[in-house]
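Laboratory data are not the source of any read-out in this text; all were calculated from the coordinates shown. Quick caveat: nothing in here was measured; it's all calculated off a predicted structure. Virtual Cβ from ideal backbone geometry, glycine too; neighbours counted across all protein chains shown.
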Amino acid sequence: MRDRLSRPELAPAAAAYAQACAASRMHDELAKAALLVFGDHGAQISGCVRAHFPEPVKDELRALAQEVTAACAKGATLRPRGVRSSTMRALARDVAARDGAGFYGPRPW
């Protein structure tokens with residue numbers, strides 16, 4: 001089987017998954033920095049990490065989490081006719097393994 005990352009018909013979807021991975025890594029970096037500054041206590045909030053973070057930090061974390069979700073959805077909608085959904089999931093994993101992944105979005109496993 002040919003390498004999924006080199007298949008030209010999958011390139012648009014791979015680019016969307018790469019965007020999702022990049023936003024996920026940025027989310028992770030911002031979350032780690034905020035945890036160091038503001039502490040790792042209090043209620044956990046999906047996308048925002050912690051409830052006690054200042055609103056501008058939570059807004060940026062939310063925006064990055066939404067970007068990951070949108071880019072993953074875009075990658076799935078760019079599935080060419082005749083390509084299995086399992087191939088698209090494997091493509092997302094390939095991109096995550098190649099580029100690195102954060103908490104959200106495609107995972108390398």
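Add -39500 (n - 2.57) for each DSSP H run of 4 or more in the chain, then divide by its residues: what number comes out at 222 nm, to the nearest 500 deg cm²/dmol? Helices in the chain give a 222 nm mean residue ellipticity of -21000 deg cm²/dmol.
So what's the angle, to the nearest 10 degrees on a 0 to 90 scale, between helix 11-38 and the longest Cα principal axis of the chain? Computed tilt is about 20 degrees. Straightening the chain between Arg81 and Phe38 buys 10.7 nm, computed as 0.36 nm per residue apart minus the Cα-Cα spacing. Between Gly47, Gly82, Gly39, the GNM of the chain built on Cα springs shorter than 10 angstrom shows Gly82 fluctuating the most. In plain terms, the chain from Lys74 to Ala51 could stretch by 5.4 nm, reckoned as 0.36 nm per residue minus the Cα-Cα distance. Across the chain, Cα pairs under 8 Å and at least six residues apart give a relative contact order of 41 percent. Among Arg50, Arg89, Arg81, the largest mean-square fluctuation in a Gaussian network model of the chain (Cα springs under 10 Å) belongs to Arg81.
Across the range 81-86, coupling constants 3J(HN,Hα) worked out from phi with the 6.51/-1.76/1.60 Karplus curve, θ = phi - 60°, read 4, x, 9, 6, 4, 5 Hz, and Gly and Pro carry x.
Taking square-rooted eigenvalues a ≥ b ≥ c of the alpha carbon gyration tensor, is the chain rounded, prolate or oblate, where a/c under 1.5 means rounded and, failing that, a/b exceeding b/c means prolate?
Working: a/c = 3.22, a/b = 2.59, b/c = 1.24.
Prolate, because a/c is 1.5 or more and a/b exceeds b/c.
Taking label points 7 Å from Cα along the Cα-to-Cβ direction, Gln66 and Ala90 give a separation of 3.5 nm.
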